[in-house]
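Step one of this worksheet: look at the structure below.
The values are calculated or read from the model by the stated rules, or taken from the named source; none is laboratory data. Model, not experiment: these values are computed from the prediction. All Cβ positions, even for glycine, are placed from backbone atoms using ideal geometry, and neighbour counts span all protein chains on display.
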Amino acid sequence: MGIKVDLEKCIGCSLCVRACAQSAIQIVNKKAVIDMDKCNLCSACVEACKKYMAITISKDNAGTGVDLSLYKNVAVFVEQHNGEISGVSFEMLGEGRKLADQLGEKLLAIVLGHDMHKKADELVKFGADKVYYVDGANLVNFQ
């Protein structure tokens, strides 16, 4: 997977800079420049640049040196405390669903806990295609 800035379309508005939670984008000479050492390919910058469509992500791995054909699916580790799934986990499932759809992959939820089979199964309602649940008394709190 690769990310690219079309320098002819980029106007240097910095919407992508504000959208990037990784601080991976800077404006240099009125053009967006992405630091690939910081970028996690989340696509927040692509969403922010919908008006100009100057930033694109491709499924190929050009320039990354990583063979993405060895990987598949998107996984979210679900945080829970005393059997209650944390709100951030639902947010992560929502974002994971977007990413999985964009990549044409499945979304996996991974839950570590104790006596929470029903709650783990309910994660399908929040977008997970498959739920992996590990039960253990020592996993009452997993964050």
What number goes with the only condition from (1) assigned by TED's automatic domain parsing to the domain that holds V131; (2) part of a loop (DSSP other than H, G, I, E, B); (3) touching a Lys or Arg at 6+ places or on another chain (Cβ under 9 Å) that M53 does not pass? (1)
Do we find that D115 is more than 14 Å from V76 (Cα to Cα) and either out of contact with any Phe, Trp or Tyr (no Cβ under 6 Å at 6 or more places or on another chain) or without any contact (Cβ under 8 Å) to a residue 60 or more places away in the chain (or both) in this structure? yes
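Report, by residue number, each residue of the stretch 100-129 that is assigned to a helix (DSSP H, G or I) and either in the same structural domain as S43 (by TED's automatic domain parsing) or surrounded by fewer than 16 Cβ atoms within 10 Å (Cβ to Cβ) (or both). Before you say what the answer is, go through the steps one by one.
Narrowing the stretch 100-129 to residues assigned to a helix (DSSP H, G or I): 100-103, 117-126.
Result: D101, Q102, H117, K118, D121, E122, V124, K125.
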Residue ID - surrounded by the fewest Cβ atoms within 10 Å (Cβ to Cβ), chosen from residues in the stretch 11-47 that are within 30 Å of S69 (Cβ to Cβ) and more than 19 Å from the chain's Cα centre (by Cα): V33
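Could you identify the single residue in G113, G104, G87 that is in contact with a Gly (Cβ under 9 Å, 6 or more places away or on another chain) and at pLDDT below 95?
G113
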So, in the stretch 30-50, of the ones that are assigned to a loop (DSSP other than H, G, I, E, B) and either of a type in the set (D, E, K, R) or in contact with a His (Cβ under 7 Å, 6 or more places away or on another chain) (or both), which residue ends up farthest from A75 (Cα to Cα)? K30
